[in-house]
Structure formats: C-alpha cells, structure tokens
1. For the stretch A:288-307, which residues drop by 10 square angstrom or more in accessible area between the chain on its own and all protein chains together (1.4 Å probe)?
2. Using the 2.2 N^0.38 Å rule of thumb for compact globular proteins, work out how the stretch A:233-307 stacks up: its C-alpha Rg over that value, please.
3. Could you name the residue in chain B with the C-beta closest to the rotation axis that superposes chain B on chain A, along with the separation in whole Å?
4. Projected onto the charge dipole of the stretch B:2-93 (+1 at Lys/Arg Cβ, -1 at Asp/Glu Cβ, origin at the Cα centre), which of B:LEU25, B:TRP80, B:ALA35 gives the Cα projection farthest towards the positive end?
5. Hey, what's the Kirkwood Rh for chain A if you take every pair of different alpha carbons, in angstrom?
6. To the nearest whole number, what is the average tally of beta carbon atoms from other chains within 10 Å of the beta carbons of peptide B:223-232?
7. Given the convex hull of the Cα atoms of the stretch B:103-147, what is a quarter of its surface area in nm²?
8. What does the extension gain come out to for B:GLU302 and B:LYS76, with contour length at 0.36 nm per residue minus their alpha carbon separation?
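The values are calculated or read from the model by the stated rules, or taken from the named source; none is laboratory data. Since this is a predicted model, take the numbers as computed values, not measurements. Backbone-built Cβ (ideal geometry, glycine too); neighbour counts: all protein chains shown. Please note that ligands, DNA and RNA were not included when accessible areas were found on the heavy atoms of the full protein model with its side chains. Shrake-Rupley method; radii C 1.70, N 1.55, O 1.52, S 1.80 Å.
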There are 2 protein chains.
Amino acid sequence: MAITVVGSVAYDSIETPAGRRDRCLGGAATHFSLAASFFTDVRVIAVVGEDFGPEQEAVFHAHKIDTRGIEHAKGKSFFWEGSYLDNLNEAQTRQTDLNVFASFEPKIPEAYRDSEFLFLANIDPVLQRRVREAMPDVKLVAGDTMNYWIKDHRAALLEVLKGLDMLLINDTEARMLAGDNNLVKAARAVMTMGPSSLVIKHGEYGASIYHRAGANGESSKTFKTPALPLEEVVDPTGAGDSFAGGFFGYLASQPELTPAAYRRAMFYGSVMGSFAVERFGTERIAQLSRKEIDDRFNEFRELTHID
Amino acid sequence: MAITVVGSVAYDSIETPAGRRDRCLGGAATHFSLAASFFTDVRVIAVVGEDFGPEQEAVFHAHKIDTRGIEHAKGKSFFWEGSYLDNLNEAQTRQTDLNVFASFEPKIPEAYRDSEFLFLANIDPVLQRRVREAMPDVKLVAGDTMNYWIKDHRAALLEVLKGLDMLLINDTEARMLAGDNNLVKAARAVMTMGPSSLVIKHGEYGASIYHRAGANGESSKTFKTPALPLEEVVDPTGAGDSFAGGFFGYLASQPELTPAAYRRAMFYGSVMGSFAVERFGTERIAQLSRKEIDDRFNEFRELTHID
C-alpha cells in the first residue's frame, strides 16, 4: 500500500567529529521517503526552491519515489545547519532558514488520493493538520514532531495528535509532551492524546513501542528493539526519520497489521536508522540494497534472540 | 557449581521519591548472593560488626547461602546513606562509613575452596585481588567495580582486571575506564585489560555483553537484553548487583558455557535487576519465588522476540 508523506525536503550543512558536508540533500521527508521506498510506494508532499534541481530530484526517482507533490516555488529551499561536535546524540542548531516553507500551502495531487498510509513528518503542526484533514480516508496515520513544537506550539500540536493513530518521538520529547519522567507513564499519557500507539526512540539504546490497551490485538504489549552497536557514527542527521521510514514502510507493505508485523516493523526501523548514521546525509541509504537490509535484519535478530 | 562472592554486607539508609528506609540490609555481596541463590549454591566472604545479628543472618540462611565466610568483628558494619531524589538513575551518596571494612583481611573458609565460580563484587581492588590470588583454581572469575576505584585507584584496579574473565560495569564506568565515549570501542579497550567478556549495564535501557574475538565460541557476537518497562522504580539500590547475581548464578548452574547459556544469563540478569528495584533494599528479592523469575523471563522474551 502506498504512503504519502508530508515534511521538509531541504539542504543541510552538517558538522560532526567525522567531518563536514555543505548543503547536502536532507529534510525529514527526504530521509523518510528513501528509507520507506525499500518496502513500498512513496509519494512526497513538500516545497522546494529554485536551488533544487534535476540532480536532487534524481535521488528520489532512483528509488521510484513520486515527486509530483513537491512544489517548486520562487526562492530558496529550506536550509538547516547543525553541529554534533559536542554531542553525537543531539544536534546543536546553528541556523534554520525556512525560506520557501514559510508560506507553504500543501496541495495534494489527485494521484496521491488513494494512498492508504499517511506520514506527517516533523514540520509545523498547522501544516500537518491541513494535510491530515485533506486525506480523511487513509487507513493509518502516523506522525513525528520535535521539542520546539511541543514547547511553543502545544495547542496546534495537540490538535494534530487527535488525528494520529501513531506517534514516533524520542525519549526527551515523550517526557516533555507528557510532563512525566517515567517513560511508561509518559507513554500512557501520550496515548490519551490521540495516538493508540507510541514509538519512543532511544537513540543508541534502540526503541520501544507501546500500544493502548486493547489496540492492535495482542500486540498491546510493549516491544523493544535494540540499536546496532556502532563503532563510528558519522552523522546522526536523519536517523529518526529513517527509522520512521523503515518502520512505517514495512507496515505499509504488509497484508495485515498483526502484532508480529508491528514487531518486525520495529526491527526494520532500527535497521534503517543504523544505516543512516554510517555516512553523511542520505549518502548511505541512497546506495543501499535490499539484501543489505535483510542481512542486517538477521544481525538484529542474533543480537536479541536467546535461541 | 558453587559461587564464592566477596564484597560488602552492609546497612543502607536510602531515600527515593517513593519514600525512605533507615539501616536496611544492603551491600553488594548481599544483593549479589540473594539473586544468585535462586540458581546455585552461594558462599559469602565479608566482614560485619556487632550490629549484625541473627535476624540479618536469617535472610541469607533462608536462601541457603553459606555465611561461614562472614567474619564478625568488633565495631560497626559498613554503612552507606544515599538519595535518589534528584535522579533515579544515579545515587547521591550522603555518607559512607567503612567501619569494620577499613581493616578487613579476607579469609577463605576451607569449605569454600572447591567453588568453581568466583565473583569479586564492588570493593577495594586490593581486597578483590587478595581473594582472587587465594583462589587460583576457580573456573571462571567475574568482577564489578565503580567510578571511585577507576578514578583514584586505577593501578590497583588494573591489577585486578588482569585476573578476571569477565567484568560487569555500567556505561559511565566503561567510558571512564577506557577513556572512550563510544561503547563499542570502550568495550574493545577494556577487553585488552584482562577480561575476555564485558557486560555493560545500561540501567533502564538494559545491558549488552561483548566478547573478545575468539573467546566463548560463536558468542563472540554482541548480545543485548532490554530492561523491563517499569512504571515505578521504588529503589534502584542493588539493581546492578542483582543483575550480576542473576547473570553469574545462571551461568554457574549450567553444565556448559555455550553461547546460548550466556544469552540466557543476560536475560536472567535483567530479570533479577527488574525485581530488585520494585521494593526497598532486599525486600523484593528476599520474598521472590522461582516461578515469578521464570514468568518474568518469558515476559522478557515476548518483549524482544519477533516471532
């Protein structure tokens, strides 16, 4: 089943202990789409500026990602500059230029209308809500957000949460959103806000999924996936979006959303996140093969299964 | 096979968001022995003061733990007072009185000499080394330590490490000992110091085991166990020692140290750690049944296994 994703398609300038890249292709919707494209059809809604050319578009097309929903506007594309020199687990933002995103009004191409899965990647909750409302018939809606929206745009974010089946956020965001330091209690609180499932990403410690009691069959039990022990994290940018792409892409590829499908989706999420950090930006995932993905899936199984 | 453990048997005064306890039975060797006693015979080497009476001794005897190596000395038992009010993941020490431990000279009872497993719980590395040297014929030696010894008694600690097959420490300790923030690299560095296996405990995120290449058969691959998602952590004191007791106790109960035995041992370690934090001090583990342990073991399997 096809996924429509709305979010940023951007240029990133990134500095990490492993080096730096200037203006490489980035953005939440980019990382999400590339990761999800290994599992199912993906359609992107975003806006880019005049600096976004055929070379960038080709990265999407090489993965059969539908870019008809990427609007080309006058001006410059979204730009983000960040550094991980102090802490590989958290970017220090040096600059954010919304540029063409500042006046973005998402339009949904007719060809996207039959998408059964919708992913609202991390952008202004006002935009997330608009897309959600324009696609009322989707089967499953998941979304992401970040500390900035939780802190300063809470009302708009709470409106978005009401329309979500699933939310994917990290530890800090879950604690901040729920106002509770205990992750089990935080998860329960978040699941009263709309989503019946919550994925909490723990960075180098993997991720957990919580289901509201009664939701998603017997999978209402918590499930945990580890992260791959990595000797070198080259660039953490996009790891969370790649996790989401692997997770949601795998779910969309399944005939039925069984508890086992959710568990395998968590593994695929972790697998895609682990590849994402091995190179800068989209470099690793853009060059990935399905065989590499399945080999690493089996590595994850060995890492966690007792027999 | 029997385990001899050397370490502190102590009184703890503990304050956590869930309440406080004054002078409850504690100490690394106490928590370790109780957890390990569900799997195998355990023999303790320690020193206590005149304040340690039949009531405390009865806690050990109820679990068939051999206390003939607990020396009764003039003076008071080791005392520790700590608080978790600010951070459930790290105790703030308010007071440490070594008391009878200050002049402790470990003596190994004849009846302990045929122990095949030895655990050097967290105490002065000088004492750990003395016990290690007095028991040269044991089959497997594991140990624990803490930031204080790593920082201020490094030379003595490095001598102990040379005589260990396995070390069990937490993230911070591993990074500090190796001088490397990346845990995979830190693990490799620690395994050049003596131990061929390293268990790194990640608190609420579970634990990982690393094996030196070629050591312990195919288990030279990393393995990860999660921690149980807990709604309330009443008292984290002794969680790490209980993990070690479950892990090492299970290993000692196995006819052969296969890769699968190590993996199951990691699960049993996590299981015992998860029980330890549910009540103050030894309250939960002292009342535990083997059935509860096995039920929780299965819960851990469901938490992590995809099929």
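1. Residues losing area: A:ARG301, A:GLU302, A:LEU303, A:THR304, A:HIS305, A:ILE306, A:ASP307.
2. 1.09
3. B:TYR205, 2
4. Toward the positive end, the furthest listed residue is B:ALA35.
5. Result for chain A, one decimal place: 19.1 Å.
6. For this peptide, the per-residue mean of nearby foreign Cβ atoms is 6.
7. That works out to 3.3 nm².
8. Full extension of this stretch gives 76.8 nm more.
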